[in-house]
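These notes concern the structure reproduced below.
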Amino acid sequence: MDQRFTCCIAGGGPAGMMLGVLLARAGVKVCVLEKHQDFFRDFRGDTIHPSTLRMMEELGWLDEFLKLPHQDVQRLYMQFGETRIEMADFTHLPITTKFIALMPQWDFLNFLAEKGRAYPGFDLKMSTEATGLVYDGDRVTGVKAKTPDGEITIAADLVVAADGRNSTLRPAAGFVPKNFGAPMDVMWFRLPRLPTDTEESQGRFDAGHIFIMLQRGDYWQCAFVIPKGGDAATRAAGLDAFRKSVGELLPFDPSRANAIADWDHVKLLTVAVDRLKQWSKPGFLCIGDAAHAMSPIGGVGVNLAVQDAVATANRLWQPLKEGDLQMSDLRAIQSRRTFPTAATQRLQLIIQNNVISKALTAKGPLKPPLFMRLVAKFPILARFTARVLGLGFRPEHIAQHIRASNGR
């Protein structure tokens, strides 16, 4: 073995970075492997929900974190045909951070990396891609990785796969997720935002079209929802046709869509909803998208991944530090996180099947679904949707020991 750590985490996304930082803060010797040379990749999940902001507060980092460039979203609006509805009102949440922060994910990850480096047991290895697992009998004992200088092998008491929905380590462990299906994919792009534009992030549902706009200061981050597998056909129809479809959905001058200069500016997000039946085996654990890919509905994926990381750190810091990690500890992570994961995915599937599919296939005027009509009639229900969206079904809190620790 080239190096040894108590815990080796594959994947420097929200789940991997948060877990690495929390374990190092608790005094565990941990390394995080990130295959890219930096965190700068566009059109990733940029929604930092109140549940994650509260964790920043619990760590004493909230004020510093909110100095990073971001936009506060206190309310979310949806439009069905000509009917506009306030779907979520975060201003009544029973916490300090009563909003969603729209923040580039690279800023979030760089912030965590900076905090992690303050702890002596934290090692972030960039340009280092996990390629396989090392076994001793049935037990995972390490990771094989590729670096610019060649291949290395890292020994660890625990290997955590936080390497996303296209995980390399998950199949290496023999794990195959159950796919629940998705009727759509998403084409992401940016449009310039003018000072005269609305401040509101919003979504629009029309017959055959769904369009989301997130207010990002001087630009709009836009999501054009298409039927599953429809990317090739959309591109084949030509850029002018795409611009025309986008322009018809904009709440301002349709010519703004001409800012889409070429197809290179339009990125495809292939939507998947899946979940592992088994998250762990001796010496190995999957969390975040490696354990459960989420639909982009509600932008909850990043925040569920962070919740997984917190639950994992809370349960495992002590047995890892004491060298007494048991399978019961690993199974406890899945036991705790299955309900909020499954409940969130179930809600996403209901929305996919009863709202998104119907909108994409509708031929005539579109009316809001029953629940949304109820929200329009009884605005107090917007507080309920904000609670589910902003805090989730089982929000985690960082353990007192980790909060009080200084990395030793």
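Read-outs throughout are calculated quantities, based only on the coordinates presented, and are distinct from any laboratory measurement. This one's a predicted model, so the numbers in the text were calculated from it and none came from an experiment. Here Cβ is always computed from backbone atoms with ideal geometry, including for glycine, and neighbour counts include all displayed protein chains.
The 3J(HN,Hα) values that the Karplus relation (6.51, -1.76, 1.60; θ = phi - 60°) gives for the range 379-394 are, in residue order, x, 4, 5, 5, 6, 5, 5, 5, 5, 5, 6, x, 10, x, 8, 8 Hz. Gly and Pro appear as x. Excluding residue 133 itself, what net charge comes from residues whose Cβ is under 13 Å from its Cβ, given Lys and Arg +1 and Asp and Glu -1? Within the 13 Å Cβ shell, the charges total +1. Residues of the range 207-240 falling in the label zone of residue 197, defined by backbone nitrogen less than 19 Å from a point 7 Å along Cα to beta-carbon, are 210-225. In the chain, the calculated helix contribution to ellipticity at 222 nm averages -9500 deg cm²/dmol per residue, counting -39,500 (n - 2.57) for every DSSP H run with n ≥ 4. Taking every DSSP beta bridge that has both ends in the chain, the antiparallel portion is near 70%.
From the cross-link list 146/228; 115/144; 29/146, which pairs have alpha carbons spaced over 28 Å apart? Checking Cα-Cα distances, 146/228 exceed 28 Å.
Enter the Cα centre distance for the pair the range 45-70 and the range 375-408, rounded to the nearest angstrom. That distance is 12 Å.
Scaling the Cα radius of gyration of the range 155-267 by the globular reference 2.2 N^0.38 Å produces a ratio of 1.39. Tell me, what is the percent relative contact order of the range 18-133, built from C-alpha pairs under 8 Å that lie six or more residues apart? Relative contact order for the range 18-133 comes out at 45 percent. Counting Cα-Cα pairs of the chain in 20 Å increments starting at 0 gives whole-percent bin shares of 27, 56, 17, 0.
Multiplying the residue separation of residue 59 and residue 106 by 0.36 nm and removing their Cα-Cα distance gives an extension gain of 14.9 nm.
Put the Cα centre of the range 318-342 next to the Cα centre of the range 137-194 and the gap is 19 Å. Between residue 117 and residue 207, the contour length at 0.36 nm per residue exceeds the Cα-Cα span by 27.4 nm. Neighbours of residue 255, meaning other residues whose beta-carbon lies under 12 angstrom from its beta-carbon, give a summed charge of +1 when Lys and Arg score +1 and Asp and Glu score -1. A straight chain from residue 351 to residue 268 at 0.36 nm per residue would run longer than the Cα-Cα distance by 27.8 nm. Net charge in the neighbourhood of residue 6 (other residues with Cβ under 13 Å of its Cβ; Lys, Arg +1, Asp, Glu -1) is -1. Each of residue 373 and residue 241 was given a label point 7 Å from its Cα along the Cα-to-Cβ line. The distance between the two points is 3.5 nm. Taking amide H positions as modeled 1.01 Å from N, with prolines and chain starts lacking one, the residues under 5 Å from residue 230 and 5 or more places away or on another chain are 185. Residues of the range 9-30 with an amide N closer than 14 Å to a point placed 7 Å from the Cα of residue 152 along the Cα-to-Cβ direction: 9-11, 30. Under a Gaussian network description of the chain, with springs only between Cα atoms under 10 Å, the residue in 74, 37, 215 that fluctuates furthest is 37. Stokes-Einstein diffusion of the range 22-127 at 20 °C, 1.002 mPa s viscosity, Kirkwood radius from Cα pairs, rounded to a whole number: 136 µm²/s. Entry note, the chain: relative contact order of 25 percent, from Cα contacts under 8 Å with a spacing of 6+ residues. Kirkwood radius, the range 273-353, all distinct C-alpha pairs, inverse of mean reciprocal distance: 13.2 Å. The count of lysine pairs in the range 244-391 whose Cα atoms are under 20 Å apart, excluding pairs fewer than 8 places apart on the same chain, comes to 5.
Ignoring lysines fewer than eight residues from residue 98 along the same chain, the ones with Cα atoms less than 21 angstrom from its Cα are 67.
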